[in-house]
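Report on the structure given below.
The values are calculated or read from the model by the stated rules, or taken from the named source; none is laboratory data. Everything numeric here is computed off the predicted structure, so don't read it as measured data. Please note: Cβ atoms are built from the backbone with ideal geometry, for glycine as well, and neighbour counts cover all protein chains shown.
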Amino acid sequence: MSDTKVQAPAGIPFIDVTREFEAPRDLVFRAFTDPDLLVQWLGPQKYEMVIETYDVRAGGSWRYLHRDADGNEYGFHGVFHGDPSPEGFVQTFEFEGAPGHVALDQLILTEVDGRTTVHTHSVYQSIEARNAMVENGMAEGMNEGFNRLDALLGRLVPVA
Amino acid sequence: MQPTNLDAVFGALADPTRRAILARLTAGDRTVAEIAAPFAMSQPAISRHLKVLEGAGLITRSRRATARLSHLEAAPLRDATEWLAKYQAWWDESHGRLDALLARLQADPNPPPDRTGSQPTE
C-alpha cells in the first residue's frame with residue numbers, strides 16, 4: 001500500500017507527487033538539501049547514487065548520477081532558482097539521456113502538527129517529454145482519478 | 001504494432017462511460033447496440049465513445065454480417081499500467097527510504113550515515 005500520490009492530468013504536461021512524513025519541515029528540508037542525506041534516500045536502493053555537485057542557492061547548480069549493478073550510469077543535472085528555504089525550492093531538471101528536455105520542478109514543503117507534506121510539481125516541455133522520462137527508467141508521472149483507474153485496470157488486466 | 005500513445009490512453013480512460021464500456025468488453029466482443037443497452041445514451045453517442053477508444057488503441061472493431069463488433073485490446077492497458085507502476089515504484093521506494101532516514105534522524109540527530117550502496121563523492 002503506497003502513501004505516495006502521483007497525479008498527471010491527461011493533456012497537460014504536469015506531474016504532481018505528494019507524500020506526508022512524520023517529521024518537522026526543517027528536517028525534511030535537510031534531507032532534500034544535504035548531499036550526505038540525499039544519497040541515502042533518493043532513488044531505488046539498487047542504484048548507487050553519486051552526487052557530483054549540489055550547490056543549494058539561487059543560481060547554484062547540481063549534478064548527480066544513479067549507477068546500476070551493471071555499471072550503467074544515468075546522469076541528471078540542473079540549476080536552483082530563487083532562494084531555497086524550508087518552504088521549498090525551484091530547480092530545473094534534465095536527464096542526460098535526453099538532452100534539451102528540461103523540466104521545471106517546484107518542491108513545496110508544508111508542516112502541520114509536526115508532520116510535513118512534500119509536494120513536487122513538475123512542468124515538462126511537452127506531454128511526450130513527460131512520458132519519455134518514465135520510459136527512460138526514472139521519471140515523473142500521472143492522472144486525476146487514478147484510484148478509480150487503478151481499480152479499473154485491476155479488473156481488466158487479469159481478464160486480458 | 002503501434003507504440004502505445006499513453007496520453008491518448010489516459011485521455012480515453014478519463015471518462016466514466018468509456019471505462020464502463022471497456023469493463024463490458026472484458027466479457028467478450030459486443031455490437032454497438034449491446035454496448036449501448038445498459039446506458040441511458042443513444043447509439044450515436046456510444047459510437048463517439050467507441051471512436052475515442054479505438055483512436056487510443058484500446059479497442060479494435062470488425063464486421064460480422066451487418067453488425068460491427070468491438071473488441072478489447074489488452075496491450076495499451078498493460079503498457080499504461082506498467083508505465084504507472086514503474087513511476088510509482090520509483091517514488092514509493094525513494095519515499096520509503098526517506099521515511100526511514102527521517103525516523104533515524106529524529107532518534108539521533110547525528111547518526112552514523114547509512115552507506116548501503118550509496119557514497120557521495122567530494
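Descriptive notes on the structure:
- Candidates B:18, B:63, B:68, filtered to the one that is touching a Lys or Arg at 6+ places or on another chain (Cβ under 6 Å) and not aliphatic (A, V, I, L, M): B:68
Each row is one residue, and each column tells you yes or no for (1) at the interface with chain A (Cβ under 10 Å from one of its Cβ atoms); (2) closer than 26 Å to residue A:12 by Cβ; (3) of a type in the set (Lys, Arg).
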| position | (1), (2), (3) |
| --- | --- |
| B:24 | no, no, yes |
| B:33 | no, no, no |
| B:38 | no, no, no |
| B:44 | no, no, no |
| B:49 | no, yes, no |
| B:58 | yes, yes, no |
| B:69 | no, no, no |
| B:74 | yes, no, no |
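- Test: residue in the stretch A:41-55 that is in contact with a Lys or Arg (Cβ under 7 Å, 6 or more places away or on another chain), of a type outside the set (Asp, Glu), at pLDDT 90 or above and outside any strand (DSSP E or B): yes
- Failed condition for residue A:99, given (1) away from chain B (no Cβ under 14 Å); (2) assigned to a strand (DSSP E or B); (3) more than 19 Å from residue A:47 (Cβ to Cβ); (4) at pLDDT below 95: (2)
- The set of residues in the stretch A:91-130 being loosely packed, with under 15 Cβ neighbours inside 10 Å, under 22 Å from residue B:95 (Cα atoms) and among the hydrophobic types (A, V, I, L, M, F, W, C) consists of A:112 alone.
Matching residues to (1) more than 9 Å from chain B (Cβ to nearest Cβ); (2) touching a His at 6+ places or on another chain (Cβ under 8 Å); (3) on the phi > 0 side of the Ramachandran plot:
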{"residue": "A:14", "(1), (2), (3)": "yes, yes, no"}
{"residue": "A:22", "(1), (2), (3)": "no, no, no"}
{"residue": "A:34", "(1), (2), (3)": "yes, no, no"}
{"residue": "A:39", "(1), (2), (3)": "no, no, no"}
